[in-house]
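Inspection log for the structure reproduced underneath, given as structure tokens.
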Amino acid sequence: MTKNSSNTMALAPSTANKRETICIFGTGDFGRALGQKLIQSGYPVVFGSRSTKTSSLIPRGAEVLSHAEAAQRAAIIIVAIQRQHYSFLTPLAEALQGKVLVDISNNLKLDQYPESNAQHLAQLLPAAKVVKAFNTVSAWALQSGTLDASRQVFVCGDDMEAKQMVMDLVRALGLTPLDQGSLLAAREIENYPLQLFPMWRFPIFLSLGLTIFFFLYCLALDIIYPYVYQKKDLSFLIAISIPNKVCPVLALVLLGLVYVPGVLAAILQLWRGTKYRRFPGWLDRWMLCRKQLGLVALAFASVHVLYTLVTPIRSYVKWRTSSQVVSQALSNTTEPLNTTNAWLSDSYLALGILGFFLFVLLGITSLPSVSNSVNWREFRFVQSKLGYLTLVLCTAHTLVYGGKWFLVPSSYKWYLPPIYMLSLIIPCAVLVVKFVLILPCLDKPLTQIRQGWERNPQYSE
């Protein structure tokens, strides 16, 4: 206990310059990168290896000893090897007794083994104190000084003193330790680096599906229909015109989908009369990925802005403009300014500019570096109040653009509505339901429910 206590004191960031020696089993990329980081932080480092020959790859200032000799030199031993090679540790059980073993291994796939690597290590060496850490930090992040990577290090272990020693070590390296509890959490920690954009899958797959649908929809109405009935080859519209229709439609639809789960959750809470019953799993997952949906929507809106900016330099637009000028010159006529169309055009552009500005503001606020600097009320005001205002402006932008074509029969090709009409379904439905929910007769009981009031208290059990 005395030795471990001294280790704890030696590893605290605020101690004297002399730090406790750290042992690393393994001379791979991560082991060398971690050793270099430890040396830069003032820790003496000794590597335990099968070969005690010094290599140019080993960080300067580190010693290379046999596993048994290296284990005797340090109270904390970082096991930087894969699980399939743990068997060499069994003969070292006596030398590792009472030592803190930091398991940093990862697997090749999720839930590859019945138990986590850290639990397996603890079973092999029951006299040692196993702590899981550093598996979510890459060798590149350590070499680059963690300036461009996550500083968070998940830590878990059954021995509180050993876990605190490792967390102090993490802090001394300029990283942020996050205590995840007992060693039972190691399985989840080991699965974390193997997850490929878990919160982005639904938004990406949904946006891809909607992109394909709306692209084919525009292809049928704008390319195939004129060719079949008018023998016009308008295939060049595929490059800019059709994408410039699909992108704003997707941006508006996805923005509407960001606020659908909040509306559904409010309706469920009013119906149930309590906030203590869990939402359906699909609604929970939907609510958790709203940020990602909004960022994908912002990406489509940004592409729409770029396509719109290049519109004046397109050959088709130049040809159409020059044709109109020549036609008026030949006929010696000038079309008078239609103030109604001028108002509609300016209003359409103004609503689009304001909507996109607020859209960008929502995206910036969702960044961790920004959201961490505002309090909850400020964040909620931006994401909720300004978010709905953004949805209103973008919906109005679309309505002003194509509202006059709602009752024109020629706009319904093959009895199908123009694409912008489809984009208005979800946003308009969300705004109508939200307007109903803010009526005093519904808003007051909903506020009470969210403050803890229940219609049937038995649901809280």
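Roughly what % of DSSP beta bridges within the chain run antiparallel, to the nearest 5?
Values: 3 of 26 bridges.
Percentage antiparallel, nearest 5: 10.
What whole-number volume per residue, in cubic angstrom, does the convex hull of the C-alpha atoms of the chain give? Write out the running numbers ahead of the final one.
Numbers: hull volume 110.7 nm³, N = 461.
In the chain, the Cα convex hull volume per residue is 240 Å³.
Is there a quick way to get the dipole size of the chain? I mean about its Cα centre, with the Cβ of Lys and Arg at +1 and of Asp and Glu at -1; what is the value in debye to the nearest 20?
Values: 41 positive and 25 negative charges, 126 e Å.
Magnitude of the dipole: close to 600 debye.
Can you pick out the pairs among Lys245/Lys318; Lys231/Lys404; Lys37/Lys132; Lys231/Lys413; Lys37/Lys163 whose Cα atoms lie more than 24 Å from each other? Can you show the working numbers first?
On the way: Lys245/Lys318 20 Å; Lys231/Lys404 27 Å; Lys37/Lys132 19 Å; Lys231/Lys413 15 Å; Lys37/Lys163 20 Å.
Violating the 24 Å Cα-Cα cut-off are Lys231/Lys404.
For Ile24, list long-range residues whose amide hydrogen, built 1.01 Å from N in the peptide plane, is under 5 Å from its own amide hydrogen.
Val46, Phe47, Gly48, Ile78
Which one, Gln119, Ile438, Thr365, projects farthest toward the positive side of the charge dipole computed for the chain from Cβ point charges (K/R +1, D/E -1)?
Ile438
At a 10 angstrom cut-off on C-beta neighbours, averaged per residue, how do the peptides 24-36, 181-193 rank from highest to lowest? List each step's numbers first, then the result.
Numbers: 24-36: 21.9, 181-193: 18.5.
By packing density, highest mean first, the sequence is 24-36, 181-193.
When we measure straight from the Cα of Lys129, which aspartates and glutamates land under 12 angstrom away, once same-chain ones fewer than 8 places off are left out?
Reachable aspartates and glutamates: Asp103, Asp158, Asp159, Glu161.
How large is the accessible surface per residue of the chain, computed with a 1.4 Å probe and reported in Å² as a whole number?
Details: 25890 Å² over 461 residues.
For the chain, the per-residue accessible area is 56 Å².
Could you tell me which of Gln164, Pro59, Gly28 has its Cα farthest along the dipole of region 22-194 towards the positive end, charges placed at Cβ (Lys, Arg +1; Asp, Glu -1), taken about the Cα centre?
Towards the positive end, the residue furthest out is Pro59.
Given Cβ point charges of +1 (Lys, Arg) and -1 (Asp, Glu) and nothing else, what value in debye, to the nearest 20, does the dipole of region 22-194 about its Cα centre take? Intermediate values should be presented prior to the final figure.
Numbers: 15 positive and 15 negative charges, 93 e Å.
I would put it at about 440 debye.
Putting +1 on Lys and Arg Cβ atoms and -1 on Asp and Glu Cβ atoms, find which of Pro248, Ser323, Phe205 reaches farthest to the positive end of the dipole of the chain.
Of Pro248, Ser323, Phe205, it is Ser323.
If the cut-off is a Cα-Cα distance under 24 Å, which lysines reach Lys275, setting aside same-chain residues fewer than 8 apart in sequence?
The reachable lysines, counting only those whose Cα sits under 24 Å from Lys275, are Lys291, Lys385, Lys434, Lys444.
In the chain, carbon and sulfur make up what percent of the accessible area (probe 1.4 Å)?
On the way: 16140 of 25890 Å².
Taking all protein chains in place, the chain shows 62 percent carbon and sulfur surface.
Can you give the helix-only mean residue ellipticity at 222 nm for the chain, where every DSSP H stretch with n ≥ 4 adds -39500 (n - 2.57) and the sum goes over all residues, rounded to the nearest 500 deg cm²/dmol? Each step should come with its number before you reach the end.
Working: 20 runs with 241 residues, N = 461.
Result for the chain, helices only: -16000 deg cm²/dmol.
Report the Cα centroid-to-centroid distance between region 117-134 and region 50-74 in angstrom, as an integer.
22
Taking the square root of 5 times each eigenvalue of the Cα gyration tensor, what semi-axes in Å does the equivalent ellipsoid of region 148-276 have, largest first? Walk me through the intermediate numbers first.
Values: eigenvalues 519, 106, 27 Å².
Values for region 148-276, descending: 51, 23, 12 Å.
Just check region 22-194 against the gyration tensor rule for me: Cα atoms, a ≥ b ≥ c as the square roots of the eigenvalues, rounded for a/c under 1.5, and otherwise prolate or oblate depending on whether a/b exceeds b/c. Walk me through the numbers before you get to the answer.
Details: a/c = 1.42, a/b = 1.08, b/c = 1.32.
Rounded shape, in that the Cα axes give a/c under 1.5.
The values are calculated or read from the model by the stated rules, or taken from the named source; none is laboratory data. All of these numbers come straight from a predicted model, not from anything done at the bench. Cβ coordinates were reconstructed from backbone atoms using ideal geometry, including for glycine residues, and neighbour counts include every protein chain displayed. Protein only, heavy atoms only, side chains kept; ligands, DNA and RNA dropped before computing areas. Shrake-Rupley method; radii C 1.70, N 1.55, O 1.52, S 1.80 Å.
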